[in-house]
Structure formats: C-alpha cells, structure tokens
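Engineer: One structure, as structure tokens, below. Some questions next.
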Amino acid sequence: MEDFDKNYILIGKIGAPYGIKGHVKLISYSDPVANIVSYNLFEYEKNNKLVPFLCEDSKVFKNGKIIIKLPGVDNPEQARLVTGKEIFTTTADLPDLEGDGYYWHDLVGLSVINAAGHNFGKVDYLFNSGASDIMVVKNCNGTEVLIPYLDHVVIKVDLAEQTMLIAWEE
C-alpha cells in the first residue's frame, strides 16, 4: 500500500482469532496503543480496495492487548480470513496535536539534510525497531538510508518548507 489516497493512514492490523465467537486481536500502531479503539471509522484492504467497516465491540486489557469484534465475523474460521488485514483511518479522524506536534505521515516526503548541506533524500516511511523509531530515507537513486528518529539526531522539522535538519554524517 505505497500509493493511495494520502487522506488515509495505516493505523494497525488485524491479528489472530481470539475465542470462539469471531473476535480477533488488534495490533495497534497508534501511541498510546489503546487510542485506536477511539476512532469512529476503520478501513481495511479487501481485494485491493479500501472499504469501511465498524468495530462492533472492543476490549482493551491492562497489558495493552486489544480484542475487537467485526460485523459478519462470527466464528474462528471467519476470523482467520481477516487475520493480517491492514487497518486504515482517515487523517481527519486523528486528534489535533498541540503546539508544533506532527504525525509520522506528516514526515513522509520531507527532504532530509544535515548541517553540512548533504541531502540524504526524502523520508519514505518510518517504523519502530523496538529500540527506537527509524526513518527510512530514500535518495534519488533509490538507495535507502536508515536514520534513527531521536531528539539528538532530528534537529528541526519544517513542514512548511518540507525539510528536516539532522545531526548525522554521510
């Protein structure tokens, strides 16, 4: 799902079946993870199309595990058919951030430059490695550079100018 409407962002994925009534685990990419259940509209990819669906029920456990019930998914066999599907939401459904805050999807496409003026390329996507968040920056030749998204590395983000200044050597 690289090229699709920029009004949608990947917010999570449907995990394994849970129980006998068609519930599934929900893997959330939001922070905090429980925020995903507060969005009114989820979307998932089916036959290469984004189609809307609503969550009938959800439960967030203390350990961060989330269980949901989807309409029309009433047993483990049906739940297995939706396992692994990516879930999207609209950018309009995301809460407004205070101050100069921004979401990861706002960083995609920014030019990444260090203080010496070296242009590393543009942010292609971000992911969490477990130890830290990582930016995948792709140059004009298609070569990817992995740069940690840390406070001491990312010096300035300028969304208006579509640039990011970093403290990183070539």
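The values are calculated or read from the model by the stated rules, or taken from the named source; none is laboratory data. Since this is a predicted model, take the numbers as computed values, not measurements. As a convention, Cβ positions derive from the backbone with ideal geometry for all residues, glycine included, and neighbour counts pool all protein chains shown. Surface areas here come from the heavy atoms of the whole protein model, side chains and all, with no ligands, DNA or RNA. Shrake-Rupley method; radii C 1.70, N 1.55, O 1.52, S 1.80 Å.
Engineer: Apply 1/(1 + (r/R0)^6) to the Cβ-Cβ distance of H152 and E86, taking R0 = 30 Å, and write down the FRET efficiency to the nearest 0.05.
Structural biologist: Working: r = 32 Å, r/R0 = 1.08.
The calculated FRET efficiency here is 0.40.
Engineer: Which semi-axis lengths, in whole Å and largest first, follow from the square roots of five times the eigenvalues of the Cα gyration tensor of the chain?
Structural biologist: Details: eigenvalues 242, 51, 44 Å².
Equivalent ellipsoid of the chain: 35, 16, 15 Å, largest first.
Engineer: A further question on this structure: Could you work out which residue, out of V112, V153, V24, moves most in a Gaussian network model of the chain, that is, has the largest mean-square fluctuation with Cα springs under 10 Å?
Structural biologist: Its mean-square fluctuation being the largest, the pick is V153.
Engineer: Estimate the FRET efficiency between N7 and N35 by the formula 1/(1 + (r/R0)^6), using the beta-carbon distance for r and 22 Å for R0, to the nearest 0.05.
Structural biologist: With R0 = 22 Å, the Cβ-Cβ based efficiency is 0.75.
Engineer: Most mobile of I155, I11, I66 per a Gaussian network model of the chain (Cα springs, under 10 Å)?
Structural biologist: Highest fluctuation of the listed residues: I155.
Engineer: So which residue, out of K21, K69, K122, gets the largest mean-square fluctuation from a GNM of the chain using Cα contacts under 10 Å as springs?
Structural biologist: With Cα springs under 10 Å in the chain, the top fluctuation among K21, K69, K122 is at K21.
Engineer: Moving on. Helix-only mean residue ellipticity at 222 nm, the chain, DSSP H runs n ≥ 4 weighted -39,500 (n - 2.57), per residue, nearest 500. What is it?
Structural biologist: One gets -1500 deg cm²/dmol as the mean residue ellipticity at 222 nm.
Engineer: At a probe size of 1.4 Å, how large is the accessible area of D57, to the nearest 10 Å²?
Structural biologist: Roughly 90 Å² of D57 is accessible to a 1.4 Å probe.
Engineer: From the square roots a ≥ b ≥ c of the eigenvalues of the alpha-carbon gyration tensor of the stretch 108-170, which class results: rounded (a/c under 1.5), prolate (a/b over b/c), or oblate? Please list the in-between numbers first.
Structural biologist: Details: a/c = 1.38, a/b = 1.15, b/c = 1.21.
Since a/c stays below 1.5, the shape of the stretch 108-170 is classed as rounded.
Engineer: Would you please give the residues with an amide H less than 5 Å from that of G22, counting only those at least 5 places away or on a separate chain, with H modeled from the backbone geometry?
Structural biologist: N75
Engineer: Using a probe radius of 1.4 Å on heavy atoms only, what accessible surface per residue do you get for the chain? Whole Å² is fine. Could you put the intermediate results ahead of the total?
Structural biologist: Details: 10520 Å² over 170 residues.
Here the residues of the chain average 62 Å² of exposed surface.
Engineer: What nm distance separates the two modelled labels at T143 and A115, each placed 7 Å from Cα along Cα→Cβ?
Structural biologist: Those two pseudo-labels are separated by 2.4 nm.
Engineer: Same structure again: Which residues' amide hydrogens lie under 5 Å from the amide hydrogen of I166, considering only partners 5 or more residues apart or on another chain, with H built in the peptide plane?
Structural biologist: I113, N114, A115, I155
Engineer: Set the Förster distance to 35 Å, then compute FRET efficiency between K62 and Y125 from the Cβ-Cβ distance, nearest 0.05. Write down the numbers at each step before the final one.
Structural biologist: Values: r = 31 Å, r/R0 = 0.88.
Efficiency, rounded to the nearest 0.05: 0.70.
Engineer: Mind jotting down the distance between the C-alpha centroids of the stretch 46-82 and the stretch 86-137, whole Å?
Structural biologist: Taking the Cα centre of the stretch 46-82 as reference, the centre of the stretch 86-137 is 27 Å away.
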